[in-house]
Amino acid sequence: MKAAIVRAAGQTPAYGDFVEPTPAPGENRISVAAAALSPLARARAAGAHYSVSGAYPAVAGVDGVGRLDDGRRVYFVAPRPPWGAMAEHAVAPATQCAPVPDALDDVMAAAIANPGMSSWAAFKERARLEAGESVLINGATGSAGRLAVQIARHFGAKRVVVTGRNPDALRALDADAMIPLVNDDAGLEASFGRAFEAGIDVVIDYLWGKSAERLLAAAAKILPDGKPLRFVQIGSISGSNIALPGAALRAKAITLMGSGLGSVPLGRLAVDIGEFLQAAASRDFRIPAKAVPLADVERAWGEAGDARTVFTIAAR
């Protein structure tokens, strides 16, 4: 079968022939129609993600949309390695497949599932966001962050505060307040402090790095004693490590947690994604997406842009 093949960590996937997978008991065979080039897919192909096994050659891609042998259209996540999603066929446990609503075509469903899942699982499984609570989304101008704003509203958030480097992009969001991420540490911490004074129950963090440090420092100073704050770490675009004084966690009721592969069981994650796709169809959640034939994977892999690249596959 044709596939996007990674032959060594850090190498760009190449279009070529790969042995076709055979489903084991409890697995589905999927004829893949579309697979998105997400940051997670890039990181795993580069060997830079904590979930990578390190075995090569392997097929790139962590999730996709396709049809089962009985014709049902499904989204699937974490196919059995070394078979990834960017191939004519993949295999995945039946518990890691979810139906795709008719209102979402293959390309949009593949494009939106991963970024939408990031905050859906963070809000539902990790933070357990309740209607009427207030949310701060750190790094809200990317695809996942923009969806996080809509998903917070879907779950009934009373107040949504967003941060990012582009003030114009922040103004375009359905948020109650915005905090531009400036280089002045003291000014940034003061802005975060004002947000906590107004009341924040949950922080969803896509950035980590300096902004997360200032966020947690402000929370340690401003939060009333005993006032819970759930801080959910999702991405680390701004840095993989932070300096966090232990006193900050002893002084306030801050709960730090992560949301990603491993923190939520894959079967449960598939259920969440199925719920998200149903919500996306009914509430018209969308992101910019660009369809590219899988044969062009080498050319398109390094391209940047606002639209999410989705590789389309015509299974034989």
- [ ] Please work out the ratio of the alpha-carbon Rg of the range 1-108 to 2.2 N^0.38 Å and round it to two decimals.
- [x] 1.00
TODO: Calculate the radius of gyration of the Cα atoms of the chain to one decimal place, then report Dmax, the largest Cα-Cα distance, as a whole number, both in Å.
DONE: 20.0, 62
- [ ] Describe numerically, in nm with one decimal, the distance between label points set 7 Å from Cα along Cα→Cβ at ALA55 and at ASP185.
- [x] 4.5 nm
- [ ] Please give the calculated 222 nm ellipticity per residue for the chain, where each DSSP H segment of at least 4 residues contributes -39500 (n - 2.57) and the sum is spread over every residue; nearest 500 deg cm²/dmol?
- [x] -9000 deg cm²/dmol
Task: Order of LEU104, LEU249, LEU215 under a 10 Å beta carbon neighbour criterion, fewest first - done: LEU249, LEU104, LEU215
Open item on the list: Quick one: 3J(HN,Hα) in Hz for the range 171-177, Karplus 6.51/-1.76/1.60 with θ = phi - 60°, rounded, Gly and Pro as x.
Closed with: 5, 7, 8, 7, 10, 8, 7
TODO: Be a star and scan the range 100-143 for residues whose amide nitrogen sits under 12 Å from the point 7 Å along the Cα-to-Cβ vector of ILE237.
DONE: 138-143
Task: Against the rule of thumb 2.2 N^0.38 Å, how large the Cα Rg of the range 46-121 comes out - done: 1.12
- [ ] Using only the alpha-carbon atoms of the range 45-204, report the extent along each of the three principal axes, biggest first, to the nearest angstrom.
- [x] 54, 34, 27
Open item on the list: Against the 2.2 N^0.38 Å scaling, with N counting residues, where does the range 160-220 land? I'd like the Cα-based Rg ratio to two decimal places.
Closed with: 1.03
TODO: Take the chain, connect every pair of alpha-carbon atoms lying under 10 Å apart with a spring to form a Gaussian network, then pick out the residue of GLY246, GLY199, GLY16 with the largest mean-square fluctuation.
DONE: GLY246
Open item on the list: What are the ³J(HN,Hα) couplings of the range 78-89, residue after residue, when phi is run through the Karplus curve with 6.51, -1.76, 1.60 and θ = phi - 60°? Round to Hz, x for glycine and proline.
Closed with: 6, x, 5, x, x, 8, x, 7, 8, 7, 5, 9
Open item on the list: Relative contact order of the range 1-81, please, whole-number percent, based on alpha carbon pairs below 8 angstrom and at least 6 residues apart.
Closed with: 32 percent
- [ ] Would you mind checking which residues have amide H under 5 Å from GLY64's amide H? H placed 1.01 Å from N; only 5 or more apart, or other chain.
- [x] PHE76
TODO: Please provide three numbers in whole Å: the alpha-carbon extents of the range 159-290 along the principal axes, with the largest listed first.
DONE: 42, 36, 27
Open item on the list: Expected output is a single nm value to one decimal: the length gained when fully extending between GLU20 and THR95, i.e. 0.36 nm times separation in residues minus the C-alpha distance. What is it?
Closed with: 24.9 nm
- [ ] Using only alpha carbon pairs under 8 Å that are at least six residues apart, calculate the relative contact order of the chain and give it in whole percent.
- [x] 20 percent
Open item on the list: Can you work out the Karplus-derived ³J(HN,Hα) for every residue in the range 264-278? Use 6.51 cos²θ - 1.76 cosθ + 1.60 with θ = phi - 60°, whole Hz, and x for glycine or proline.
Closed with: 10, x, 4, x, 5, 4, 5, 4, 4, 5, x, 5, 4, 4, 5
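Just so you know, all these numbers are worked out from the coordinates, no wet-lab data involved. Note that the coordinates shown come from a computational prediction; the quantities given were computed from them, not determined experimentally. With ideal geometry, Cβ positions are generated from the backbone for all residues, glycine too; neighbour counts draw on all protein chains shown.
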